[in-house]
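One structure is given below, encoded as structure tokens.
The values are calculated or read from the model by the stated rules, or taken from the named source; none is laboratory data. Every value quoted in this text rests on a predicted model; they were computed, and no experiment measured them. Cβ: placed from backbone, ideal geometry, glycine included. Neighbour counts: every protein chain shown. Note: accessible area is taken over every heavy atom of the protein model, side chains too, but ligands, DNA and RNA are not part of it. Shrake-Rupley method; radii C 1.70, N 1.55, O 1.52, S 1.80 Å.
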Amino acid sequence: MTRPLIAANWKMNGDLALAEAVIAGLAEGGGGGVDVLLCPPFVYLREVARMARQAKVDGLMVGAQNLDYHAHGAFTGEVSAAMVADAGCEYVIVGHSERRALFGESDDDVARKAQAARGAGLAAVVCVGETFAEREAGRTEAVVESQLAPLAGFFAGGGGGGGDGCDFAVAYEPVWAIGSGQSATPGDARAVHELIRRRIAARNPAAANRARVIYGGSVKPGNAAGLFAEPGIDGALVGGASLAARDFLSIIRGGYAD
Ligand code: 13P
């Protein structure tokens, strides 16, 4: 099995003290054989990357939550892939459902962002997932497939870099599970993870073996182990529970105990 990836998406939360607490906890107790990715807001990236390097924790990485796919120019408020890399990041999250819903990102925008990340040497965590209404209508697979379709070229070109020698991961984040306290069942998540892996494999069998397909949506210390026990769930993208160092460390340590 690939080395699991446990990622913290702080969203518009957190501060340097939180980074310090998480990194100190990891330095003390070790990373537990998993890759850990911290994704704080843009303004903290350079300093958190510096702290992570200094701590020398095996598998600890820093990523941004978004980027703009243009190389540079008159795009007030935006940040390019090269700038994210320059800040010391190895990863970037693209296509989070909040970006899609609140900031109007299309499936094509997400694919452009993933390509821009690769162009700058960053690994991308590409997010997909259906809404509650889509799930109720039995459209989960169709929605995820349509989100993945513009990424076909990106998957085909997947290569080295990133954790486990693959420069992308896909996060399945059902929108209804985000921040709701109600996660998908391990079995339901597994079915979508298998679909995602099949779609990657259709474009790039080698990358499909290496790429981590991780789950996001109300992952907590109490349900992480059950999710991680499911074959094909290679880690988690954690929101709320990543904002308390203790909870996040407990997900890292409890979830994939050797
Ligand atoms: P919660 O863990 O708060 O449900 O958020 C999940 C998420 O959106 C991570 O990107």
>> At 7 Å along Cα-to-Cβ for each site, give me the label-to-label distance between residue 53 and residue 220 in nm.
In response: 3.8 nm
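For 220, 11, 113, 56, write out the residues from largest to smallest accessible area, computed with a 1.4 angstrom probe and no ligands counted. Kindly include the intermediate steps, with their values, before the conclusion.
Working: 220 80, 11 50, 113 15, 56 170 Å².
Of 220, 11, 113, 56, the descending order of accessible area is 56, 220, 11, 113.
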> Listed highest first by mean packing, meaning other Cβ atoms within 10 Å per residue, what order do 68-77, 91-100 come in?
Replying inline: 91-100, 68-77
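Find how much the distance from residue 244 to residue 182 grows on full extension, using 0.36 nm per residue of separation minus their present alpha carbon separation; answer in nm with one decimal.
Numbers: separation 62, 0.36 × 62 = 22.32 nm, distance 1.86 nm.
20.5 nm is the gain from fully extending residue 244 to residue 182.
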> Taking 0.36 nm per residue of separation and subtracting the Cα-Cα distance, what length does fully extending residue 17 through residue 76 add?
Replying inline: 18.4 nm
